[in-house]
Amino acid sequence: MKRLAPSILSADFSRLGEQTASIERAGAHLIHVDVMDGHFVPNISFGSAVMKSLLGKTELPFDVHLMIENPDKYAGDFVTPNTEFITVHQEACTHLHRSIQNIKSLGVKAGVALNPATHLGTLDYVIDDVDMILVMSVNPGFGGQKFIPKTLEKVRELAEIRAEEGLDFEIEIDGGITLDNVKEVMDAGVSVVVAGSSVFGASDIEARVREFVKW
Ligand code: DX5
Ligand code: ZN
């Protein structure tokens, strides 16, 4: 099943509850939570308190994307009754195998994200352990950037590996997704689609989510 995960990074933070309710009503499947520390990426977003302010206000599962150094230290802060995935960056984890096991031991699903320039081969020895691989289709740090088409090759390769090895991890794509390229990325094998500015930048957020999930 394909799932849409609108990124609240592009929401109006002063109306976060309201805008989250809109995406939920319109049929979004997950809330993508972009956490940036100003070290791993050149921008600071928000921490777990902002995410937790949505608890009890939405039934949607949280899809946490940690763009931070030392993710082992902070992952536990993002475990809530709504948390489905916690994803760390391969580039931020010296001991990636340990980081994946750490997330799983917290009782949530573990994802690993790859920057556009990072080779898939870096995941060869942990691919059996992950619940999701997040393919960054922009360089992480900001919403509203342009999709990097070359990253689709990585998605196609991953989908092949998954089929050949009989694995069942989700493939997520994140960055620059619009109504114009969403079909292409899904055809390449993506099962979880992140969309930030193209959802929350719309004048009618609900209508935009409905268009996205028409697939
Ligand atoms: C980028 C973030 C993305 C971003 C997506 O660093 O990880 O999740 O919010 O935003 P758009 O869809 O606007 O590229
Ligand atoms: Zn993200």
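Computed on segment 97-215, the Cα convex hull volume stands at 120 Å³ per residue. Positive end of the charge dipole of the chain (Lys, Arg +1 and Asp, Glu -1 on Cβ, about the Cα centre): tell me which of Ala21, Asn139, Ile103 has its Cα farthest that way. Towards the positive end, the residue furthest out is Ala21. Taking Cβ atoms as reference points and 13 Å as the exclusive limit, the residues near Lys183 contribute a net charge of -2, counting Lys and Arg as +1 and Asp and Glu as -1. Modelled spin-label separation between Ile148 and Asp180, with each label point placed 7 Å from Cα along the Cα-to-Cβ direction: 2.0 nm.
Counting charges near Gly121 (Lys, Arg +1; Asp, Glu -1) among other residues having Cβ under 12 Å from its Cβ returns a value of -1. Using a probe radius of 1.4 angstrom, the carbon and sulfur fraction of the accessible surface of the chain is 48%. In segment 68-167, the C-alpha radius of gyration followed by the widest Cα-Cα span (Dmax) gives 13.7, 36 angstrom. When all alpha-carbon pairs of segment 1-54 are counted, what percent fall beyond 13 Å? So the portion of pairs separated by more than 13 Å is 61 percent. When only the Cβ of Lys, Arg, Asp and Glu is charged (+1, +1, -1, -1), the dipole of segment 71-194 relative to its Cα centre reaches about 380 debye. Among the listed pairs Lys2/Lys57; Lys104/Lys154; Lys57/Lys150; Lys73/Lys183; Lys73/Lys214, which have their C-alpha atoms separated by more than 32 angstrom in this model? As for pairs spanning more than 32 Å Cα to Cα, those are Lys57/Lys150; Lys73/Lys183; Lys73/Lys214. Think of it as helices only: each DSSP H run of n ≥ 4 in the chain is worth -39500 (n - 2.57), and spread over all residues that comes to -7500 deg cm²/dmol at 222 nm. With the convex hull drawn over the C-alpha atoms of segment 67-126, the volume per residue is 80 Å³.
Backbone geometry of segment 26-36 corresponds, through the Karplus equation with coefficients 6.51, -1.76 and 1.60 at θ = phi - 60°, to 3J(HN,Hα) couplings of 7, x, 5, 9, 9, 10, 7, 10, 8, 9, 10 Hz, x marking Gly and Pro. Out of every Cα-Cα pair that the chain contains, those further apart than 21 angstrom amount to 49 percent. According to the Cα-based calculation, Rg over Rh for segment 172-215 is 0.94, with Rh computed by the Kirkwood formula.
Per residue, the chain exposes 45 Å² of accessible surface when a 1.4 Å probe is rolled over the protein heavy atoms with every protein chain present.
Restricting segment 48-149 to chymotrypsin sites (Phe, Trp or Tyr not before Pro) that sit in a DSSP loop and have at most 10 other Cβ atoms within 10 Å of their own Cβ leaves Tyr125. Note on the chain: with charges restricted to the Cβ of Lys and Arg (+1) and Asp and Glu (-1), its dipole about the Cα centre is near 480 debye.
The values are calculated or read from the model by the stated rules, or taken from the named source; none is laboratory data. This is a predicted model, so every value here is computed, not measured. Virtual Cβ from ideal backbone geometry, glycine too; neighbours counted across all protein chains shown. We work out accessible area using only protein heavy atoms, side chains counted, and drop any ligands, DNA or RNA first. Shrake-Rupley method; radii C 1.70, N 1.55, O 1.52, S 1.80 Å.
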